[in-house]
Amino acid sequence: LSTRVDKWSSVWLAFPLLALARVASAWFNIINDCDETYNYWEPTHYLTHGFGMQTWEYSPVYALRSYLYVGVHASLVKFVGLLTQNKIIMFYTVRAILGLVSAFCESCFVSAVSRRFGSLSARLTLLFLLVSSGMFASSTAYLPSSTSMYMATLALSFWFNSRFSLAVFFAVGATVFAWPFSALIFVPLCLHTLYIKGIGFAITRGTLSVSIFLIPSIICDYLAYHKLAIAILNIFLYNSGTGTTGDGGGAGSSVLYGVEPWWFYGLNLILNFNLIWLLAPLSLLVPLFFTSWRRNLSAYGSLILYISPMFIWIGAMSTLPHKEERFIYPVYPTVCLCGAITTSLVYQAIRGQLDSVAESKKTDKPVSKGSRVRSFVARAFLLAVVTVAVVASLSRSTSLVLNYNAPLKVWQHLSQHQLRTSSPTQDNVCVGKEWYRFPTSYFLPDANLQLQYVKSGFTGLLPGKFEPQNGTWVIPQGMNDMNREEPSRYTDISKCKYWIDLELNNQQESALSKATNDWELLYRHPFLDSSSSRFPYRAFYIPFVSARKNVYADYVLLQRVDRNKNPVSSL
């Protein structure tokens, strides 16, 4: 462990760079997962504005989600509300705050990497964190897995610096406050703490940390649900299949929401980290090619210990049938670290006897031609890795924004239009198959505009609505934990003033903008038709090429034509 931190890897330099990247993410990042909307933004909106959509997990019957977690974020919204009443500005400001939190955690991580693994590994880690598409997507997501990533990053940072008390504290926070399943990431930290500090230290620090996070959670959930509930235990039992449903049956299972093959995460990591991910697993093997590492098994053992969380987590998650990209967010920074370690080791290997080259410069001895060649090749290798990583990462992030940001654009336009034309009566904005791309009720200007669902090809359980009064503890109707469809969720399209949809050429549902004269177009934005577009153009943005090769559909905002007065002109 070095006592010095490379100046280019210090918190004071890393944080401003990372902050700029994360604020950009807050502004441009899409909502990648409907869980972010319905399980976190919506209950937060209910706490701050009195209405919102409610998933079955928030029914007091099941109590799978903790109100401490959403309550903390609701407090952020309330704070922002002191400065502005515009709900869309609230949304983006909270995302920016999350991004700044991530930037701080990442900058601490880079500094710790500099101490533990050296300046080159730290500089490369910083670069990979800055540009990777995975970090762009995860750093500003309002999800427990992202919060777990923040806290895990801090826990690993303190661990690298041998500050075990703080490492244990943030590891417990990542598990108890954010996401209980992330406990697996910290198995190496726990074993190392036991070995270095002893069982007494581990028990006292662990118990204190658990108390700090768990007691407020239990109190908060008791006040919200009006019953004793330990949300992290409930969600663990549900996903493990050992809990019980509200009607006394066997527990539900995450496989009800889809299963993926074992290579799902590998493919996603290639898309989001490209060459960085391909290099990351090699961090276990590359040291074995060096005589100095083979002779120093203690150093190699330490390396394995510190990078093992990534391998443990991705390996364990790959064995589970239900997979989602967000599940591996907590180890995204370690992917950057492992890719940086491999790159650094290969760079040093190519350069060969750098010490002798440095000495020859000090003593004015001529540098051999072979040394100059090795130095050139090493620099060329480093430049190639950096170039590929930067270009591929920025290309991927640009593709995600340009191809999939239509829902945010369309709902934002609806909010602005409704503010200009709002009436005292309640209006409905309806969605069919696009229910899962609804961003959040922060894009609805007030309670006079309500989200409604129209029957489509989806046959699972859609979210309901929080009761206007006492909605956190009133038991809602039509909830179940088996993803069974609930017909009461649907409304007739004749009751809809606005309609939002993605109009694909091959969709089962009618494209209302073309099939009837009852609707007029207010706004549309292009959205990638991924089934009709080819790889790599749909996955990576290639200037002047992707636009020609990809196929786009219209994401539309329609308004029902009022036959009793002059039609509203299209915008």
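Structural remarks
- Whether segment 28-171 is rounded, prolate or oblate, judged on the alpha carbon gyration tensor where a/c under 1.5 counts as rounded: prolate
- Aspartates and glutamates whose Cα lies under 20 Å from that of Lys497, excluding same-chain neighbours fewer than 8 positions away: Asp427, Glu434, Asp446, Glu509, Asp518, Glu520, Asp554, Asp562
- Each of Ala202, Val113, Ala515 was placed along the dipole of the chain (beta-carbon charges, centred on the mean Cα), and the one lying farthest toward the positive end is Val113.
- For the pair Leu233 and Thr459, a Förster radius of 30 Å applied to the C-beta separation gives a FRET efficiency near 0.45, rounded to the nearest 0.05.
- Three-way shape call for segment 452-536 based on the alpha-carbon gyration tensor, with the a/c threshold at 1.5: prolate
- With all pairs of different C-alpha atoms in the average, the Kirkwood value for the hydrodynamic radius of segment 372-510 is 18.9 Å.
- Placing a pseudo-label 7 Å from each Cα along the Cα-to-Cβ vector at Leu278 and Ala349 gives an inter-label distance of 1.6 nm.
- Per residue value of the accessible surface for segment 476-545 (all protein chains in place, 1.4 Å probe), Å²: 58 Å²
- Within the chain, antiparallel bridges make up roughly 65 percent of the DSSP beta bridges whose residues both belong there.
- P(r) tail fraction, the chain - alpha-carbon pairs more than 29 Å apart, %: 59 percent
- Here the gap between Gln508 and Trp473, fully extended at 0.36 nm per residue and compared with their Cα-Cα distance, gives a gain of 8.7 nm.
- For segment 17-155, averaging the sequence separation of C-alpha pairs within contact (under 8 Å, six or more residues apart) and dividing by the residue count gives a relative contact order of 36 percent.
- The chain: calculated mean residue ellipticity at 222 nm from DSSP helix runs of at least 4, using -39500 (n - 2.57): -17000 deg cm²/dmol
- With a cut-off of 20 Å on the backbone N, the residues of segment 101-126 near the modelled label site 7 Å out from Ala299 along Cα-Cβ are 112-125.
- Extension gain, Asp446 back to Thr291 (0.36 nm per residue minus Cα-Cα distance, nm): 49.1 nm
- Whole-number percent relative contact order across segment 274-349, with pairs defined as alpha carbons under 8 Å at least 6 apart: 55 percent
- Segment 497-554 shape via C-alpha gyration tensor axes, a/c threshold 1.5: prolate
- What you get for segment 417-571, charging only the Cβ of Lys and Arg (+1) and of Asp and Glu (-1), is a dipole of about 460 debye around the Cα centre.
- Among the cysteines of the chain, Cys34, Cys105, Cys108, Cys190, Cys220, Cys336, Cys338 have no other cysteine beta carbon within less than 4.7 Å of their own.
- Accessible-area composition of segment 1-122, carbon plus sulfur, in percent [1.4 Å probe]: 68 percent
- Label-reachable residues, segment 140-161, where backbone N falls under 16 Å from a point 7 Å from Trp27's Cα toward its Cβ: 140
- Length gained on full extension, Arg379 to Ser533, computed as 0.36 nm times the residue gap minus the Cα-Cα distance: 51.7 nm.
- Listed pairs Lys227/Lys455; Lys323/Lys495; Lys227/Lys465; Lys87/Lys323; Lys409/Lys465; Lys323/Lys465 exceeding 29 Å between Cα atoms: Lys227/Lys455; Lys323/Lys495; Lys87/Lys323
- Relative contact order of the chain, pairs being alpha-carbon contacts under 8 Å that are 6 or more residues apart, as %: 17 percent
The values are calculated or read from the model by the stated rules, or taken from the named source; none is laboratory data. Just so it is clear, the structure is predicted and the values come from calculations on it, not from any experiment. A quick note on method: Cβ atoms are made from the backbone with ideal geometry, for glycine too, and the neighbour counts reach across all protein chains shown. Side chains included, ligands, DNA and RNA excluded: accessible areas come from the protein's heavy atoms. Shrake-Rupley method; radii C 1.70, N 1.55, O 1.52, S 1.80 Å.
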